[in-house]
Amino acid sequence: MGNFFNRDVVSIKDFSRKDLEFIFSCTDRVASLKPHEKAELGKGRTLGYIFYEPSTRTRMSFEAAMASLGGSSIGIFDSKTASVEKGESLADTIRIMDLYSDVIVLRHPLDGSSRFAAELSKHPLINAGSGGEEHPTQAMLDLYTMLKVKKRIDGLNIGIVGDLKYGRTVYSLLYGLSNYDVTIHLISPPTLSIRKESIYEAMKDLKIIEHENLDDRILSDLDIIYVTRIQKERFPDPQEYEKVKGTYTIDTSILGRAKSDVSIMHPMPRLEEISHSIDNTENAIYFKQAAYGKELRAALLALILNERLI
Ligand code: CP
């Protein structure tokens, strides 16, 4: 198990199963602290966020997590209002944020952006989404959610549905899951199937079966259906998006044909791929998942900012 003090979080591949399990147990521990105890863990520290792409959950949960630790946040969430609009480089923006903060959270549309930024920054850097490549803290909170809801990850049958080509959360999730003994069903239109070259290493450890349709035979096997949005913004050709949008919708009819305790997850934002009609069912855990995001990110920040946690 690695030391987390001052550690960058660029890729989930840099975290072993022991590392992940340590983060999950610290998440339980930090969540159970009294507010005044928790508020000591980031007291006087500043989180600097730089979001070159839109975000609701990731940015707000990091901010809320930092506030719960007694720290503060500053940042850029609309690049049009920052000097990047005047042509300032990512490198200079990182150097400046490094002067003002103790930990940096970066979302950027380019693959490799976080690794580049982490090499430049003296303070630890957390990848909050780098192109179509990775979103490691999303995968950590996804695994934590599975553990909390299903009480185990080993042995689960997990269906991952939707845009598997452009959805970066899927890549981090598959690498995270490759630490466990799970069976993965990947369900997507052929044009949005997984980029095999990007999961080459994970494929050595995972049982993966690919499908085009979410038919009853697969449905009845699944413990978790992890749904993803079709990433319109990453399509080079808008007509290609029109061909695949709305391909899958998880609704009461799908739930009726699945295991009674199947859990529906989604990194969100969700569009038409999950019907609002299932939001109030026990199966829908995507809002719980977003709530665990704040808790997990609070623990991760506490681990990064403190040589000894408590
Ligand atoms: N899951 C996720 O990254 O959501 P946001 O884009 O709202 O941050």
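Values in this text are rule-based calculations from the coordinates and carry no lab data. Keep in mind that what you see is a predicted model, and the values were worked out from it rather than measured. Glycine also receives a Cβ, built like all others from the backbone with ideal geometry; neighbour counts cover every protein chain displayed.
Relative to the compact-globule estimate of 2.2 N^0.38 Å, the Cα radius of gyration of the chain comes out at 0.98. With contacts taken as Cα pairs under 8 Å and at least 6 residues apart, the stretch 136-290 reaches a relative contact order of 24 percent.
Normalised by the number of residues in the chain, the average gap of Cα pairs under 8 Å and 6 or more apart makes the relative contact order 21 percent. Once both labels are positioned 7 Å from their Cα atoms along Cα-to-Cβ, the gap between ASP181 and HIS276 label points is 4.4 nm. Karplus-based coupling profile of the stretch 42-52, in residue order and whole Hz: x, 4, x, 9, 10, 9, x, 10, 10, 10, 8, with θ = phi - 60° in 6.51 cos²θ - 1.76 cosθ + 1.60 and x standing for Gly or Pro. Amide H to amide H distances under 5 Å link LEU156 with THR183, where only residues 5 or more positions off or on other chains count and H is placed in the peptide plane.
The H on the amide N of ILE264, modeled in the peptide plane, is under 5 Å from the matching H of ILE225, ALA284, ILE285, each at least 5 residues off or on a different chain.
Here the label points at GLU197 and GLU21, each 7 Å from Cα along the C-beta direction, are separated by 3.6 nm in the simple model.
Applying a length cut-off of 20 Å (Cα extent along the axis) and a mean Kyte-Doolittle floor of 0.0 to the DSSP H helices of the chain leaves 136-150, 286-305.
Nearest 0.05, what FRET efficiency do LYS86 and LEU309 give at R0 = 45 Å with Cβ-Cβ as r? The calculated FRET efficiency here is 0.65. Under the criterion of Cα pairs below 8 Å and six or more residues apart, the relative contact order for the stretch 1-112 equals 29 percent.
Note on ASP237 and LYS207: with the Förster distance fixed at 35 Å, the Cβ-Cβ geometry gives a FRET efficiency of about 0.55.
Between beta-carbons, use under 12 Å as the cut-off and find the net charge around VAL30, counting Lys and Arg +1, Asp and Glu -1. Taking every Cβ under 12 Å from that of VAL30, the sum is +1.
Taken about its Cα centre, the stretch 136-290 carries a charge dipole of roughly 320 debye when the Cβ of each Lys and Arg holds +1 and the Cβ of each Asp and Glu holds -1. Computed 3J(HN,Hα) for the stretch 155-161, one whole-Hz value per residue from the Karplus formula 6.51 cos²θ - 1.76 cosθ + 1.60 where θ = phi - 60°, is x, 6, 9, 10, x, 10, 10, glycine and proline marked x. Inter-label distance, ASP154 to ARG29: 2.3 nm, where each label sits 7 Å from its Cα along the C-beta direction.
Each residue of the stretch 240-245 was assigned a 3J(HN,Hα) from its phi angle through the Karplus curve 6.51 cos²θ - 1.76 cosθ + 1.60 (θ = phi - 60°); the sequence is 5, 4, 4, 5, 10, 5 Hz, with glycine and proline shown as x.
Need one word for the stretch 136-290: rounded, prolate or oblate. Basis is the Cα gyration tensor (sqrt eigenvalues a ≥ b ≥ c); a/c below 1.5 gives rounded, then a/b vs b/c decides. Rounded, because the longest to shortest axis ratio a/c is under 1.5. In the chain, the DSSP-assigned H stretches of four residues or longer account for a calculated mean residue ellipticity at 222 nm of -11000 deg cm²/dmol, using -39500 (n - 2.57) per stretch and the full residue count as denominator. With respect to the cross-link table entries LYS34/LYS148; LYS80/LYS245; LYS165/LYS294; LYS243/LYS294; LYS207/LYS259, which display a Cα-Cα separation exceeding 25 Å? Among LYS34/LYS148; LYS80/LYS245; LYS165/LYS294; LYS243/LYS294; LYS207/LYS259, the Cα-Cα distance tops 25 Å for LYS80/LYS245; LYS165/LYS294; LYS243/LYS294.
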